[in-house]
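Every number here is computed from the coordinates shown, using simple stated rules; none is lab data. Since the structure is predicted, the reported quantities are computational estimates derived from the model, not experimental observations. Neighbour counts run over all protein chains shown; Cβ positions are idealised from the backbone, glycine included.
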Amino acid sequence: MSHTYSAERAEEIAENLAGVKAKMDQTLKAKGVGAQKVPIGGGCARLVAVSKLKPASDILAAYEKTGQLHFGENYVQELEDKSKELPSDIQWHFIGSLQSNKCKVVAAIPNLFVVETVDSAKKASTLDKACAAASRPEPLGIFLQVNTSGEESKSGMLPSEAVEVAQHVVSTCPHLKLTGLMTIGSPNPDLESGENPDFKTLNQCKTAIEEALQIADLELSMGMSDDFERALIQGSTNVRVGSTIFGARPPKTTA
Ligand SMILES: *Cc1c(COP(=O)(O)O)cnc(C)c1O
């Protein structure tokens, strides 16, 4: 593979990854979740290494030195390029804002594991059709992104819409599999009660959907570098950690 990395850089990334995993294990142990209770990823919850705006060599280093398989990307073009250049057993998570006209490109990535940012029934249908056209052998996993904080700058559906959209996916999108719900917590949550209200709201959406649709075991994708431990305490099964693993990102230039 042509994406060479220095021994120093590889070691740095491996150490950071190990540090996050150790904190995850510690948090889940303290919470009393047996390692077998949520049998996903390497332990009790899945760690998605968010590699947006970082070079492919960083991803390859994490993959080769630590066996990390789950990586998250925000930009369609960048995801497409990296997926072509990097090992085919990497499990990609698309975590950026998904535009309808990009669904086709995303759906055509064979080792795409999940799209975490489906924010409406309409978008789900568009992605469903794109998956059909791409002849994916299995339904594509999706998370419904919920705007739990109500901030206008955040994307995602309202919590009150989640049941209806979930119903839509399950009943009309045969090429999608409803894996769970995703949120981006507010940067400065009021933790007076010890709980992040955003994560609590996402749990409530999960319960509402599971009751209404008579399904079980929906996942929760919540928690990033600053709040993944809190998210795990509140039931996250999928944390998305970027800067703690790969370092600060360059500012995104809007081309
Ligand atoms: C960038 C990003 C992350 C990772 O954020 P860090 O603070 O660097 O850990 C997680 N989730 C989403 C949706 C992101 O866009």
Seminar exercise, completed: Phi-derived 3J(HN,Hα) across the stretch 23-31 with the Karplus relation (6.51, -1.76, 1.60, θ = phi - 60°), rounded Hz, x for Gly and Pro, is 5, 4, 4, 4, 5, 5, 5, 4, 7
Exercise. How about K65: which aspartates and glutamates have a C-alpha closer than 16 Å to its C-alpha, ignoring those fewer than 8 places off in the same chain?
Worked result: E8, E11, E12, E15, D89
Exercise. How much net charge surrounds L176 when only other residues with a Cβ under 12 Å from its Cβ are counted (Lys, Arg +1; Asp, Glu -1)?
Worked result: +2
Exercise. Where Rh is the Kirkwood radius over the Cα pairs of the stretch 176-255, the temperature 25 °C and the viscosity 0.890 mPa s, what D in µm²/s does Stokes-Einstein return?
Worked result: 176 µm²/s
Exercise. Under 5 Å between amide H atoms, partner at least 5 residues away or on a different chain: which partners does L181 have, H built in plane at 1.01 Å?
Worked result: L144, E219, L220, S221
Problem set entry | Whole-number D in µm²/s for the stretch 99-180 (Stokes-Einstein; Kirkwood sum over Cα pairs; 20 °C, 1.002 mPa s) | 169 µm²/s
Exercise. Could you give me the ³J(HN,Hα) list for the stretch 186-203, computed from phi with Karplus coefficients 6.51, -1.76, 1.60 and θ = phi - 60°, whole Hz, x at Gly and Pro?
Worked result: 5, x, 10, x, 7, 9, 4, 7, x, 10, 7, x, 5, 5, 5, 4, 5, 4
Exercise. Whole-Hz Karplus ³J(HN,Hα) for the stretch 204-210, in order, using 6.51 cos²θ - 1.76 cosθ + 1.60 and θ = phi - 60°, x for Gly and Pro?
Worked result: 5, 4, 4, 4, 4, 5, 4
Problem set entry | For K154, net neighbour charge (Lys/Arg +1, Asp/Glu -1) across residues whose Cβ lies under 12 Å away | -4
Seminar exercise, completed: Yeah, the chain with a ≥ b ≥ c from its alpha-carbon gyration tensor (a/c under 1.5 is rounded, else prolate when a/b outruns b/c, oblate otherwise) is oblate
Exercise. Ranking C44, C131 by Cβ neighbours within 10 Å, fewest first, what do you get?
Worked result: C44, C131
Exercise. Mean residue ellipticity at 222 nm from the helices of the chain, using -39,500 (n - 2.57) per DSSP H segment of n ≥ 4 over the full residue count, to the nearest 500 deg cm²/dmol?
Worked result: -12000 deg cm²/dmol
For this session: Within the stretch 137-232, list the GluC sites (Glu not before Pro) lying in a DSSP loop whose Cβ has at most 14 other Cβ atoms in a 10 Å radius.
Result: E151, E152, E192
For this session: Using Cα pairs closer than 8 Å and at least 6 residues apart in sequence, work out the relative contact order for the chain, in percent.
Result: 19 percent
Exercise. Each label point is 7 Å from the Cα along the Cα-to-Cβ direction; what then is the distance between the points at K129 and L158, in nm?
Worked result: 2.6 nm
Seminar exercise, completed: One would report the Cα pair-distance distribution of the stretch 49-157, bin width 5 Å, in %, as 2, 12, 24, 23, 18, 12, 7, 2, 0
For this session: Among the trypsin sites (Lys or Arg not before Pro) in the stretch 150-231, which ones are in a DSSP loop with at most 10 other Cβ atoms within 10 Å of the Cβ? Mind listing them?
Result: none
Problem set entry | Alpha-carbon centroids, the stretch 42-120 and the stretch 214-234: separation in whole Å | 19 Å
For this session: Enumerate the amide H contacts of R46 below 5 Å, restricted to partners 5 or more residues apart or on another chain; note that Pro and chain-start residues carry no placed amide H.
Result: N238, V239
For this session: Return the percentage of antiparallel bridges among DSSP beta bridges fully within the stretch 7-246, rounded to the nearest 5 %.
Result: 5 percent
